[in-house]
Structures are given as structure tokens and as C-alpha cells.
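Down below is the structure, laid out as C-alpha cells.
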Amino acid sequence: MAIAVIVGTGLLGSSFGLAAKQAKSFTRVIGVSSPAVVEKALAVGAIDEAMPIEKALPQADLVLLAQPVRRILKLIETLDPMLKQGALVTDVGSTKVEICAAAMKYITRATFIGGHPMAGREVRGPEGASADLFIGRPWVLTVDHSDLAGLISIFGARPVLLSAEAHDRMVACSSHLPQLLSTALASMLNGRDLKPVAGPGLIDMTRLALSSYELWEDILATNASNVDDALAGMIGELEQFRVALRAGRGVQAFDRGNRFASDLRN
């Protein structure tokens with residue numbers, strides 16, 4: 001058994017801690033975060049104790065970086081002298097190319113595996129954390145690592161092996177584009193009194209718009225090219241759909257959409 005250190009005890013970090021403690025994967029789980037956040041993580045039982053990073057990292061057999069992307073990038077530059085030789089370092093950042101490149105440059109004492117659990121909620125912080133958050137969810141790893149893959153499988157997640165580049169291309173369409181479409185729809189409708197006729201369709205379509213720009217700013221900035229390509233593709237699809245509807249030929253787009261939605265759910 002070993003010691004895990006979670007740097008950033010928000011929703012994902014605290015959920016990792018809860019899942020690890022439920023599975024009894026580590027002898028101790030140490031949290032590193034701001035005083036207010038780490039206190040909440042202690043209160044929900046996600047960590048056993050809190051420590052400053054310079055005291056926690058030398059003890060860690062596994063380090064989970066669970067901060068926003070740009071904070072992870074900045075932290076990676078300073079980690080190496082504090083790490084135990086041979087430790088395993090991973091992260092939960094929503095983009096991977098810049099993080100993995102930084103880790104390759106700055107981390108020499110430990111093994112770094114880029115990671116991204118495809119799980120989350122609109123509720124941020126330890127208050128929304130759950131040991132069940134990862135059950136049935138894909139968890140991308142950028143390197144085949146049996147120990148880490150085994151750990152996240154115990155949490156109920158599905159390990160998926162992808163290069164950092166492939167990950168960022170794919171999530172631009174599977175995660176970032178849905179967020180932007182939901183936000184754009186809600187922004188367009190803002191100020192219109194639609195509550196009297198709002199059904200589950202509108203509620204479902206605008207759920208992601210509840211997320212804040214603060215949460216997404218780093219993600220969009222570090223995957224800008226792929227996001228731009230995804231938006232360009234979506235704009236082109238909408239233009240073609242508009243033309244087809246004017247000509248009474250909308251059935252083809254509905255059929256294609258139906259096939260994708262059915263395959264996704266199967």
C-alpha cells in the first residue's frame with residue numbers, strides 16, 4: 001500500500017480521494033489545496049490530512065494533479081525537486097498536449113502519465129464530490145500503464161489509451177463543442193421569456209451553459225486550434241441544414257443525427 005497526494009481537492013480531486021478511500025487503495029490520502037477547499041475535502045472524507053505541497057510531495061507514491069489546466073502547467077515546472085524518486089504522477093486536465101509536453105520537459109525523477117476522466121458535474125468543489133463519479137466513465141491515459149489503469153478500473157472507470165494529440169482532437173468534438181453549443185443557445189435566448197413553454201428539451205440543451213467561463217477558459221485556450229476546427233464544422237453543418245430545410249430536404253440530417261445518437265447510446 002502507498003501514499004497518494006492530491007494537489008487540488010475540488011470536485012475531481014475529492015472524488016478521486018473518496019473513490020481511493022472506498023477501495024482502500026492507499027494507506028493515506030493527503031490533500032494539497034487552499035485552506036478553505038482542503039478543509040471541505042477533510043469534512044467530506046476525501047482526504048486523511050492536509051499538508052503544504054513541499055511536505056506532501058516527498059512522501060507521495062502517487063501524485064494526482066487536479067487543478068485547472070494552466071495551474072497544472074505552471075506547477076509541473078516546479079514539481080521535480082520535491083518528488084520521490086520513482087513516483088507516479090498523473091493529472092485530470094481536460095487537454096493533454098501542452099501538459100504532456102511540459103511534463104516531458106520538466107519531470108525527470110518520476111513517471112508522468114497524462115490522464116483525463118470524462119466525468120464531472122456543474123457543481124464544483126468537494127461538496128459535489130462522490131466516490132461513484134467515475135463509474136462507467138471513460139478515463140483517458142496517454143501512456144499504457146498497468147498499475148494506473150488497474151487503479152481507475154477499481155474506481156469503476158473505463159481506461160482508454162490515446163495519444164495526447166488524438167485526445168485533444170476528439171474532445172474538441174465530444175466535450176468542448178457541446179459546451180459551446182449549449183452556451184451559444186442559452187446566450188441567444190437570454191432575455192426572452194420562454195419559461196411558460198420551456199420543456200425538457202430546452203432544459204437538457206442548456207444544462208451545460210450553467211458552467212462558468214472561469215472553468216472553461218484554460219481548456220479552450222489550450223485546445224484552440226481543434227476547437228476552432230470543430231466550430232467551423234458545426235457552422236458548416238448548420239448552414240447546410242438551413243439550406244436543406246428551405247428545400248424541404250431536412251430528413252437526411254435527421255437520419256444522420258438519429259444514427260449517431262442511437263450508436264452513442266448503444
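Under the condition of being touching a Ser or Thr at 6+ places or on another chain (Cβ under 8 Å) and surrounded by fewer than 22 Cβ atoms within 10 Å (Cβ to Cβ), which residue from the range 111-123 is nearest to I99 (Cα to Cα)? Among those that are touching a Ser or Thr at 6+ places or on another chain (Cβ under 8 Å) and surrounded by fewer than 22 Cβ atoms within 10 Å (Cβ to Cβ), it is I113. Within the range 18-30, the set of residues being assigned to a helix (DSSP H, G or I) and either basic (K, R) or under 14 Å from A60 (Cα atoms) (or both) comprises K21 only.
In summary, G93 fulfils each of the numbered conditions (1) part of a helix (DSSP H, G or I); (2) small (G, A, S); (3) under 24 Å from S175 (Cβ atoms) with the single exception of condition (1). Of all residues in the range 102-123, those being free of Cβ contacts under 8 Å to residues at least 60 places away in the same chain, within 22 Å of A166 (Cβ to Cβ) and not in a helix (DSSP H, G or I) number 8. Looking across the range 192-238, just one residue is free of Cβ contacts under 8 Å to residues at least 24 places away in the same chain, of a type in the set (A, V, I, L, M) and under 19 Å from H116 (Cβ atoms), and that is A224.
Of the listed requirements (1) surrounded by 20 or more Cβ atoms within 10 Å (Cβ to Cβ); (2) outside any strand (DSSP E or B); (3) among the hydrophobic types (A, V, I, L, M, F, W, C); (4) out of contact with any Gly (no Cβ under 6 Å at 6 or more places or on another chain), I99 misses just one: (4). The set of residues in the range 171-201 being within 24 Å of A232 (Cα to Cα) and more than 24 Å from the chain's Cα centre (by Cα) consists of M188, L189, N190.
Residue pairs whose Cβ atoms lie under 8 Å apart, separated by 6 or more positions or on different chains, with the first residue in the range 124-149 and within 18 Å of F26 (Cβ to Cβ) and part of a loop (DSSP other than H, G, I, E, B) and the second among the β-branched types (V, I, T) and at pLDDT 95 or above, are A129/V44; F134/I152; H145/T111; H145/I113. Of the helices (runs of 4 or more DSSP H) contained entirely in the range 185-266, those carrying at least 1 residues that are out of contact with any His (no Cβ under 8 Å at 6 or more places or on another chain) and among the β-branched types (V, I, T) fall at 200-205, 224-246, 251-265.
The values are calculated or read from the model by the stated rules, or taken from the named source; none is laboratory data. Just so we're clear, the structure is a prediction, and the values are computed from it rather than from any experiment. With ideal geometry, Cβ positions are generated from the backbone for all residues, glycine too; neighbour counts draw on all protein chains shown.
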